[in-house]
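These notes are about the structure you will find just below.
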Amino acid sequence: MKAKESESKTYLGIPLYRPKVAFFEFSSCEGCQLQIINNENTLLDFLSLVEVVNFREAMTEKSDDYEIAFVEGSITRNDEAERLKKIRKNAKILVALGSCACFGGVNQLKNRFNNIEWVKKQVYGKHPIDTAPVRALEEVVNVDLRIYGCPIKKEEVEKIVLHVVLGKSIDIPKYPVCMECKANENICLFDLGEPCLGPITRAGCDSWCPNNNAGCWGCRGPAEDANVGYMKKIMKEKGFSEKTILERLDCFGGFAQFPELKKKGKH
Amino acid sequence: MIFRIFEKKELKNLFEILAAHNKVVGPVEIGKDKQCNPIYAFTEVSDFNSIKLDYTTTKLPAKRYFLPFHEDLSTFRIKDNNWQKTIDYNADRPLIFFGLHPCDINALNKLDKVLLHSVFPMPYYVAKRKNMFIIGIDCVPQPFCFCRSMGSDTALHGFDMFITNLGTRYFVEILTDTAYNFLKNIKTEEPKEKDHILYMKSAAERNKKFTAKVDTTDLAKILDMEFQSDVWKQWGDKCLACGTCANVCPTCYCYGVEETVDINLKSARKTKMLHSCNLIDFAEVAGGHNFRPERHSRLKYRYYHKHRGFVEAFEESLCVGCGRCGESCLAGIKVPEVIASVRGGKKR
């Protein structure tokens, strides 16, 4: 359905198409969606670019008539997979929103274990619960666009949405976080004896964690051409244990495809 | 050239005079590393006592004051179907650099060749460069400094005045009338023969302290010969392609430009961002083709720009030998080692 002309904005005198968008969540903390509504300074400008028809965290009304679906969370149950397929059918563009949707996120940590029943027992005891190994959205449906981060960086989402509306190309950095960290003039965390995945993690967060003296945990997944193998060697030489390194690389699931991480736990 | 000599305490007076009406940038201690060694950075200073003139080196060069990491080249105000462009060279006032080492002064001189004296000068750089007052200071060579090999251990021009520590007094070399006039406000003396001897003794002492070396004999030619050498691949296997070497380099000036519209649709901007040839995005062109998809070829071209291309164009290297890249590189890729390996590298 075409958006009402009167409600749409113009850019250089040309009316902009105002797409209908919907927000959905699966297994996640819903923090990424919260990031979007958190940005009060620009929220009204953001909302005037798109017509939100479905956003459980922010509004009561619901509609299945949407063009862009922003989907947060990972898929951990079969009924979630079915619901996601329906969303895929309704949406022209499906956007994976945040680390859980892109790589499985923190939820996928349970996939490291060979025995899912053992995991269930450890977490839920005798309480019956339906849970399967975690899947990223792209393991269930086609994903058109990925917005990385745990949580997502709201400025980046706004830029992406603006570029969709203006028909500009969407350029997500391929280079790693170090690039932004140096521009922010931070002291390298390795100089302070802290571990950090900045050299191999995709930038775009404006080195959020290192700016606050916390090493990067790789929530945005690998930079393109990330030298994970040599990074592991460097961290080992700097005295970090295998456990420390793996804990970081494993945390959000972005590095799962690297051979350095194929080892599974004893359970 | 005019030489003067003055008591150390006079430097504070000079600082007060300069800082009264100007923005002063100097080396300060911003923290300690895990071995408890101080970490230095160039920042804006208002208190003379916070300046550490005996600093070893800074992690980042003073580059951001004349080549900022991000800089708006132009901004646009949009109203209906019209727009108004504003260009600002972002040089609103003179900047005083209080204590640059010779390597960093030479870095500016090298940048001048490209960004100031070329056929198409970069006005954003020129505006800042022409509004600088530079006080150079001698340094104590560190184990990673190979500036001597690059001919950057002393600065002959590109500064206003240069001070050398002679124990209780500073020996000062005056290059500009601005410096001369400022120095009239503090107590200085004509150096005597014994001061000249002291200066030469101090310079000789400093020269003994250089340990790191790069053999630059015929380097441009050798790089041509060793273009296909396997050593590039070996260094490429280590490279993290993180861009840190370029970010900490006082002479890396490559950049990208991005045009963005603000979310209110009422303004837009064209922003320059310093880039690095080691990044995978660097050699990607419209349509998605990447001319240098491999780490080793990107790393190699960085060395070729510094030690071959620039030499061919300007008869000097684009490297000042400050050693910052090697010190910041987590993979331990250091210029002296890379060049040595190319010179002695196995042929394919």
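The values are calculated or read from the model by the stated rules, or taken from the named source; none is laboratory data. All values derive from a computational prediction rather than experimental measurement. Don't worry about glycine lacking a Cβ; one is built from the backbone with ideal geometry, like all the others, and counts go over all protein chains shown.
One residue is enough: does the range A:35-57 have a residue meeting the conditions surrounded by fewer than 23 Cβ atoms within 10 Å (Cβ to Cβ) and aromatic (Phe, Trp, Tyr)?
Yes - at least one qualifying residue is present in the range A:35-57.
What about residue B:71, is it farther than 26 Å from residue A:206 by Cα and either surrounded by fewer than 17 Cβ atoms within 10 Å (Cβ to Cβ) or touching a residue at least 24 places away in the same chain (Cβ under 8 Å) (or both)? Outline the logic, then answer.
Working: farther than 26 Å from residue A:206 by Cα: no; either surrounded by fewer than 17 Cβ atoms within 10 Å (Cβ to Cβ) or touching a residue at least 24 places away in the same chain (Cβ under 8 Å) (or both): yes.
Criteria not met by residue B:71.
Considering A:83, A:18, A:77, which residue is of a type outside the set (Val, Ile, Thr) and within 14 Å of chain B (Cβ to nearest Cβ)?
Details: A:83 fails: within 14 Å of chain B (Cβ to nearest Cβ); A:77 fails: within 14 Å of chain B (Cβ to nearest Cβ).
Every option except A:18 fails the conditions.
Pairs please, first residue from the range B:37-63 and farther than 18 Å from residue B:246 by Cβ, second anywhere and among the acidic types (Asp, Glu), Cβ atoms under 6 Å, 6+ apart in sequence or on different chains.
Within 6 Å, the pairs are B:38/B:29; B:39/B:33; B:40/B:29; B:52/B:29.
Got a sec? Which of A:166, A:162 is of a type outside the set (Phe, Trp, Tyr), under 21 Å from residue B:260 (Cβ atoms), surrounded by fewer than 19 Cβ atoms within 10 Å (Cβ to Cβ) and within 8 Å of chain B (Cβ to nearest Cβ)?
Working: A:162 fails: surrounded by fewer than 19 Cβ atoms within 10 Å (Cβ to Cβ).
Being of a type outside the set (Phe, Trp, Tyr), under 21 Å from residue B:260 (Cβ atoms), surrounded by fewer than 19 Cβ atoms within 10 Å (Cβ to Cβ) and within 8 Å of chain B (Cβ to nearest Cβ) holds for just one of A:166, A:162, which is A:166.
Is it true that residue B:256 is of a type outside the set (Asp, Glu) and more than 8 Å from chain A (Cβ to nearest Cβ)? Lay out the reasoning, then the answer.
Details: of a type outside the set (Asp, Glu): yes; more than 8 Å from chain A (Cβ to nearest Cβ): yes.
Yes.
Residues that are of a type in the set (Phe, Trp, Tyr) and touching a strand residue (DSSP E or B) at 6+ places or on another chain (Cβ under 9 Å): find the helices (runs of 4 or more DSSP H) completely inside the range B:140-227 holding 2 or more of those.
Once the helices (runs of 4 or more DSSP H) in the range B:140-227 are filtered for at least 2 residues that are of a type in the set (Phe, Trp, Tyr) and touching a strand residue (DSSP E or B) at 6+ places or on another chain (Cβ under 9 Å), what remains is B:177-183.
Which of the residues belonging to the range A:149-159 are part of a strand (DSSP E or B) and at the interface with chain B (Cβ under 9 Å from one of its Cβ atoms)? Give the steps one after another, and end with the answer.
Quick first cut of the range A:149-159, residues part of a strand (DSSP E or B) only: A:149, A:152.
Passing the criteria: none in range.
Given the criterion modelled with pLDDT under 95 and not assigned by TED's automatic domain parsing to the domain that holds residue B:114, identify the matching residue among B:261, B:285.
Working: B:261 fails: modelled with pLDDT under 95.
Answer to the selection: B:285.
Which ones in the range A:64-102 are among the acidic types (Asp, Glu) and either at positive phi or touching a Phe, Trp or Tyr at 6+ places or on another chain (Cβ under 8 Å) (or both)?
Taking the range A:64-102 first, the residues among the acidic types (Asp, Glu) are A:64-65, A:67, A:72, A:79-80, A:82.
Once the filter is applied, which keeps residues that are among the acidic types (Asp, Glu) and either at positive phi or touching a Phe, Trp or Tyr at 6+ places or on another chain (Cβ under 8 Å) (or both), the range A:64-102 yields A:72, A:80.
If I filter the range A:204-243 down to residues being more than 17 Å from residue A:255 (Cα to Cα) and basic (Lys, Arg), which single residue comes out as farthest from the other protein chains (Cβ to nearest Cβ)?
Here the answer is A:236.
Looking at the structure I just gave you, is residue A:150 within 16 Å of the chain's Cα centre (by Cα), over 21 Å from residue A:238 (Cα atoms), modelled with pLDDT of 95 or more and not small (Gly, Ala, Ser)? Walk me through it before giving the result.
Numbers: within 16 Å of the chain's Cα centre (by Cα): yes; over 21 Å from residue A:238 (Cα atoms): yes; modelled with pLDDT of 95 or more: yes; not small (Gly, Ala, Ser): yes.
Against the criterion (within 16 Å of the chain's Cα centre (by Cα), over 21 Å from residue A:238 (Cα atoms), modelled with pLDDT of 95 or more and not small (Gly, Ala, Ser)), residue A:150 qualifies.
Filter the range A:242-264 for residues that are over 21 Å from the mean Cα position of the chain (by Cα) and in a loop (DSSP other than H, G, I, E, B); which is modelled with the highest pLDDT?
Per the stated criteria, the residue is A:262.
Would you tally the residues in the range B:50-102 being more than 24 Å from the chain's Cα centre (by Cα) and either within 30 Å of residue B:9 (Cα to Cα) or more than 14 Å from chain A (Cβ to nearest Cβ) (or both)?
Pass one, the range B:50-102, residues more than 24 Å from the chain's Cα centre (by Cα): B:74-87.
Restricting the remaining residues to those that are either within 30 Å of residue B:9 (Cα to Cα) or more than 14 Å from chain A (Cβ to nearest Cβ) (or both) gives B:74-75, B:86-87.
Looking only at that region, the number is 4.
Give the range A:91-110 a look and list any residue that's part of a helix (DSSP H, G or I) and either in contact (Cβ under 8 Å) with a residue 40 or more places away in the chain or assigned by TED's automatic domain parsing to the domain that holds residue A:218 (or both), or say none. Talk me through it step by step, then tell me what you get.
Step one: filter the range A:91-110 for residues part of a helix (DSSP H, G or I), giving A:99-103, A:105-110.
Within the range A:91-110, A:99, A:100, A:101, A:102, A:103, A:105, A:106, A:107, A:108, A:109 meet the criteria.
Scan the range A:189-206 and report the pairs whose first residue is of a type in the set (Ser, Thr, Tyr) and whose second residue is surrounded by 20 or more Cβ atoms within 10 Å (Cβ to Cβ) and not in a loop (DSSP other than H, G, I, E, B), with Cβ atoms within less than 7 Å and a gap of 6+ or a chain change.
Once the first residue is of a type in the set (Ser, Thr, Tyr) and sits in the range A:189-206, its partners that are surrounded by 20 or more Cβ atoms within 10 Å (Cβ to Cβ) and not in a loop (DSSP other than H, G, I, E, B) give A:201/A:176; A:201/A:222.
Report the residue count in the range B:156-186 for those that are touching a residue at least 40 places away in the same chain (Cβ under 8 Å), of a type in the set (Gly, Ala, Ser) and over 15 Å from residue B:3 (Cβ atoms).
Qualifying residue count for the region: 1.
Specify the residue that is farthest from the chain's Cα centre (by Cα); the eligible residues are those in the range B:1-49 that are aliphatic (A, V, I, L, M) and within 14 Å of chain A (Cβ to nearest Cβ).
B:30
Looking at B:251, B:271 in this structure, which one is more than 10 Å from chain A (Cβ to nearest Cβ) and within 25 Å of residue B:320 (Cβ to Cβ)? Before you say what the answer is, go through the steps one by one.
Numbers: B:271 fails: within 25 Å of residue B:320 (Cβ to Cβ).
None of the others qualify; the one that does is B:251.
What number of residues within the range A:21-34 are farther than 22 Å from residue A:106 by Cα and surrounded by fewer than 17 Cβ atoms within 10 Å (Cβ to Cβ)?
Taking the range A:21-34 and keeping what is farther than 22 Å from residue A:106 by Cα, we get A:21-22.
If we keep only those that are surrounded by fewer than 17 Cβ atoms within 10 Å (Cβ to Cβ) as well, we get none.
Residues in the range A:21-34 being farther than 22 Å from residue A:106 by Cα and surrounded by fewer than 17 Cβ atoms within 10 Å (Cβ to Cβ): 0 in total.
Every residue in the range A:111-147 that is modelled with pLDDT of 95 or more and assigned to a helix (DSSP H, G or I), please.
A:137, A:138, A:139
Examine the range A:68-75 for a residue that is in a helix (DSSP H, G or I) and either buried (at least 16 other Cβ atoms within 10 Å of the Cβ) or of a type in the set (A, V, I, L, M, F, W, C) (or both), and state whether such a residue exists.
No.
Considering A:237, A:194, A:180, which residue is modelled with pLDDT of 95 or more, acidic (Asp, Glu) and within 26 Å of residue A:101 (Cα to Cα)? Please lay out each step first, then the result.
Values: A:237 fails: within 26 Å of residue A:101 (Cα to Cα); A:194 fails: within 26 Å of residue A:101 (Cα to Cα).
From the options A:237, A:194, A:180, the qualifying one is A:180.
Could you give every pair whose Cβ atoms fall below 6 Å, whose first residue belongs to the range B:211-226 and is under 19 Å from residue B:141 (Cα atoms), and whose second residue is part of a helix (DSSP H, G or I), counting only separations of at least 6 or pairs across chains?
B:212/B:336; B:214/B:336; B:214/B:339
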